[in-house]
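Enquirer: Encoded as structure tokens, here's the structure I'll be asking about.
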Amino acid sequence: MIFLKTEDEIELLRESNQLVGKTLAELARYISPGVTTIQLDQIAESFIRDHGAEPTFKGFPNQNGKPFPASICTSINEVVVHGIPDNQTLIEGDVVSIDCGVRLNGFCGDSAYTFAVGEISPEKQQLLDITKKALYNGINAARVGNRIGDIGHAVQSLCEENGYGVLREFTGHGIGKEMHEDPFVPNFGKKGTREQLLVGLCIAIEPMVTLGNRTIKLLADDWTVATKDGKPAAHFEHTIAITHSGPTILSSFEELEKIIREKA
Ligand code: MG
Ligand code: MG
């Protein structure tokens with residue numbers, strides 16, 4: 001069942017998603033060679049709770065009922081999504097995708113960004129650039145009169161034109177009082193297919209893109225999703241609302257990208 005949101009509900013979703021943006025910006029200050037992902041998790045959890053919100057990922061069950069043990073997902077290099085923070089140290093040349101979710105005033109925020117750790121190779125940089133561009137192409141297709149398939153088509157076509165793989169097993173989603181609501185928002189599809197996009201529909205669009213083959217494997221922890229060929233992957237996610245005047249991005253990369261520029 002799809003819940004269309006009122007303008008007031010969209011404002012609450014904006015507040016939740018802005019807090020996610022601020023949390024990712026706080027993490028951007030610390031993402032450098034030598035930091036461990038569990039340190040990043042602790043920074044994120046404190047930041048979220050200090051702002052009166054809850055980390056929605058913590059305790060979130062997978063298909064087998066196994067709860068996610070941390071407040072953020074930290075996915076390094078060949079890990080695509082759902083990496084579990086641990087004592088692994090980030091090293092120069094890594095890419096790390098941070099996915100963050102909060103619940104504030106009863107509404108959820110969900111956004112993800114793939115960060116470069118120090119200097120990265122040109123091929124990794126291009127993967128990040130194209131994946132982020134695919135996200136914005138998907139957002140641009142999220143207009144009244146279009147359908148869910150138009151979003152997927154926009155994301156998939158740019159990624160595949162560049163020779164990248166697009167995961168089929170994981171998708172974006174509706175978002176509201178629950179982090180995952182209907183409809184599914186695949187990163188692949190055909191124009192003019194699937195659900196209609198209506199005013200008040202709020203969705204997370206989140207391309208998960210691989211440098212090599214799109215085949216994935218689930219690691220023994222039952223959460224971590226990695227590429228089978230060991231090549232790196234990227235993941236960018238925004239939560240948006242569909243309005244009369246077009247797609248409105250409720251989350252934000254502005255603060256975190258300001259911090260990345262300041263560090264450079
Ligand atoms: Mg997410
Ligand atoms: Mg999501």
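Enquirer: With the requirement that a residue be part of a helix (DSSP H, G or I) and touching a strand residue (DSSP E or B) at 6+ places or on another chain (Cβ under 9 Å), what does segment 44-53 give you?
Expert: Passing the criteria: Ala44, Glu45, Ile48, Arg49.
Enquirer: Would you say Thr37 is closer than 12 Å to Thr224 by Cβ and either polar (S, T, N, Q) or touching a Cys at 6+ places or on another chain (Cβ under 6 Å) (or both)? Outline the logic, then answer.
Expert: On the way: closer than 12 Å to Thr224 by Cβ: yes; either polar (S, T, N, Q) or touching a Cys at 6+ places or on another chain (Cβ under 6 Å) (or both): yes.
Considered against the rule, which asks whether it is closer than 12 Å to Thr224 by Cβ and either polar (S, T, N, Q) or touching a Cys at 6+ places or on another chain (Cβ under 6 Å) (or both), Thr37 comes out as yes.
Enquirer: Under 6 Å between Cβ atoms, which residue pairs at least 6 apart in sequence (or on different chains) link something in segment 182-208 that is among the aromatic types (Phe, Trp, Tyr) with a partner that is at pLDDT 95 or above and part of a loop (DSSP other than H, G, I, E, B)?
Expert: Phe184/Thr171
Enquirer: Ok, one more. So Gly65 fits all but one of (1) outside any loop (DSSP other than H, G, I, E, B); (2) at positive phi; what number is the exception?
Expert: (1)
Enquirer: Which of the strands (runs of 3 or more DSSP E) contained wholly in segment 145-264 include at least 2 residues that are more than 27 Å from Thr23 (Cα to Cα) and either touching an Asp or Glu at 6+ places or on another chain (Cβ under 7 Å) or away from ligand 2 (no atom under 16 Å from the Cβ) (or both)? Quick ask: steps written out before the conclusion?
Expert: On the way: elements: 172-174, 181-185, 202-205, 208-210, 216-218, 225-227, 233-235, 238-243, 246-249.
In segment 145-264, 216-218 are the strands (runs of 3 or more DSSP E) which contain 2 or more residues that are more than 27 Å from Thr23 (Cα to Cα) and either touching an Asp or Glu at 6+ places or on another chain (Cβ under 7 Å) or away from ligand 2 (no atom under 16 Å from the Cβ) (or both).
Enquirer: What pairs come up if the first residue lies in segment 89-111 and is in contact (Cβ under 8 Å) with a residue 24 or more places away in the chain, the second is of a type in the set (Asp, Glu) and within 16 Å of ligand 1 (Cβ to nearest atom), and their beta carbons are under 6 Å apart, counting only those six or more places apart or on different chains?
Expert: Taking only residues 6 or more apart or on different chains, the pairs are Gly101/Asp110; Arg103/Glu54; Ser111/Glu237.
Enquirer: Kindly check whether there is at least one residue in segment 118-132 that is buried (at least 22 other Cβ atoms within 10 Å of the Cβ), among the hydrophobic types (A, V, I, L, M, F, W, C) and either closer than 14 Å to Pro247 by Cβ or without any contact (Cβ under 8 Å) to a residue 60 or more places away in the chain (or both).
Expert: Within segment 118-132, none of the residues are buried (at least 22 other Cβ atoms within 10 Å of the Cβ), among the hydrophobic types (A, V, I, L, M, F, W, C) and either closer than 14 Å to Pro247 by Cβ or without any contact (Cβ under 8 Å) to a residue 60 or more places away in the chain (or both).
The values are calculated or read from the model by the stated rules, or taken from the named source; none is laboratory data. Keep in mind that what you see is a predicted model, and the values were worked out from it rather than measured. Every residue, glycine among them, receives a Cβ derived from its backbone with ideal geometry; neighbour counts consider all protein chains shown.
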